[in-house]
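Each value in this text was obtained by applying a stated rule to the coordinates, not by laboratory testing. None of these values were measured; they are calculated from a predicted model. Using ideal geometry, Cβ is built from the backbone for each residue, glycine included, and neighbour counts are taken over all protein chains shown.
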Amino acid sequence: MSALIPNPRQAGVLDTVRELGNVKVEALAERFGVTLQTVRRDVKLLSDAGMLARFHGGVRLPASTTENIAYRQRQQLNEDAKRAIARAVASQVPEGCSLILNIGTTTEAIARELLAHRGLRVITNNLNVATILSDNPDCEVIVAGGLVRSRDRGIIGEATVEFIAQFRVDIGVIGISSIEADGTLRDFDYREVKVAQAIIRASRQVWLAADHSKFNRPAMVEVGRLDQVDKLFTDRAPPPAFDKLLGEAAVHCIAADAASQDPGDKTI
């Protein structure tokens, strides 16, 4: 079976379940103004793709902490949010600085927004980022060595960690799969996590790019904690429970409205 690319309504169903937790099928039908049959069809497709779990009369997020959503699906999910985040990040990247960009569909969106920047030196373990930024003649791109992961063209492994450790850059921009309620940052692949930790150590400032779906999402491997992050870029204000965590960690949170060209700035 090919990977499901959710349509806008199905993406809305996913957002609703992330927001509310367990949701009845009837409530979803009412919210989206469609028939029960339509919602049940959407739910079955999302469940078969591993993106939702069904229970009698309703749906919830899958309990697995070990597997991420397939790369092609992640490319399509929250596209507007990722573009808004990317614009917000790019607006704060000064020309002539050094950066590390890691694996992820959000960091790839950021790379596209950096195509007009001048004098950048970018280190990346993401072949997609390298390909995008190679179209900028005024950007020097350095690609980390290591094992290429075929599903998303990320570069991982001990050789990658050792390569990153040689550098000290102005800004490290990382994506993440999960921000848990205790402020823990998590991901799914321990080899990818080791590289992200190396990027954190190699960066004078750490910027985290994470859309709203990453809050309260389970994942298996700890990358770090919010107090290791200087700026958090997201597409909407984080859930209220995170305000205290962000404040205690002294994280500057920039919430970019996905419906607007101009990022909002929410200082926590």
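Can you give me the relative contact order of the chain as a percent, contacts being Cα pairs under 8 Å and 6 or more apart?
Contact order relative to length: 16 percent.
So what's the angle, to the nearest 10 degrees on a 0 to 90 scale, between helix 79-92 and the longest Cα principal axis of the chain?
The answer is roughly 30 degrees.
What ranking of Met220, Met51 emerges when the number of other C-beta atoms within 10 Å of each C-beta is taken as an exposure proxy, fewest first?
So the ranking, lowest neighbour count to highest, is Met220, Met51.
Over what distance in Å are the Cα centres of the stretch 203-238 and the stretch 80-134 separated?
With the stretch 203-238 and the stretch 80-134 each reduced to a Cα centre, they are spaced 17 Å.
Within the set of other residues whose C-beta is less than 13 Å from the C-beta of Arg121, count the net charge using Lys and Arg as +1 and Asp and Glu as -1.
Around Arg121, the surrounding residues sum to -2.
For Gly224, list long-range residues whose amide hydrogen, built 1.01 Å from N in the peptide plane, is under 5 Å from its own amide hydrogen.
Close amide H contacts, sequence-distant or interchain: Leu185.
Please arrange Asp138, Asp187 by counting, for each residue, the other beta carbons lying within 10 Å of its beta carbon, fewest first.
Ordered by Cβ neighbours within 10 Å, fewest first: Asp138, Asp187.
Where a Cα-Cα gap under 24 Å defines reach, which lysines qualify for Lys244, not counting those fewer than 8 residues away within the same chain?
Straight-distance partners of Lys244: Lys214, Lys231, Lys266.
Considering Cα pairs under 8 angstrom that are at least six residues apart, work out the relative contact order of the stretch 8-63 and quote it in whole percent.
The value is 39 percent.
With just the Cα atoms of the chain, tell me how far they stretch along each of the three principal axes, in Å, largest first.
Largest to smallest, the principal-axis extents are 55, 40, 32 Å.
With springs connecting C-alpha atoms under 10 Å apart, model the chain as a Gaussian network and identify which of Gly33, Gly247, Gly146 has the largest mean-square fluctuation.
Fluctuation is largest for Gly33.
Can you list residues whose amide H is under 5 Å from Asn102's amide H, if they're 5+ apart or on another chain and H is modeled 1.01 Å from N?
Residues meeting the amide H criterion: Val173, Gly175.
Rounded to the nearest 10 degrees, what's the angle between the helix 8-20 long axis and the longest principal axis of the chain, both from Cα atoms, 0 to 90?
The two axes meet at around 90 degrees.
Please arrange Cys97, Cys139, Cys253 by how many other C-beta atoms lie within 10 Å of their C-beta, fewest to most.
In increasing order of surrounding Cβ atoms, one gets Cys97, Cys139, Cys253.
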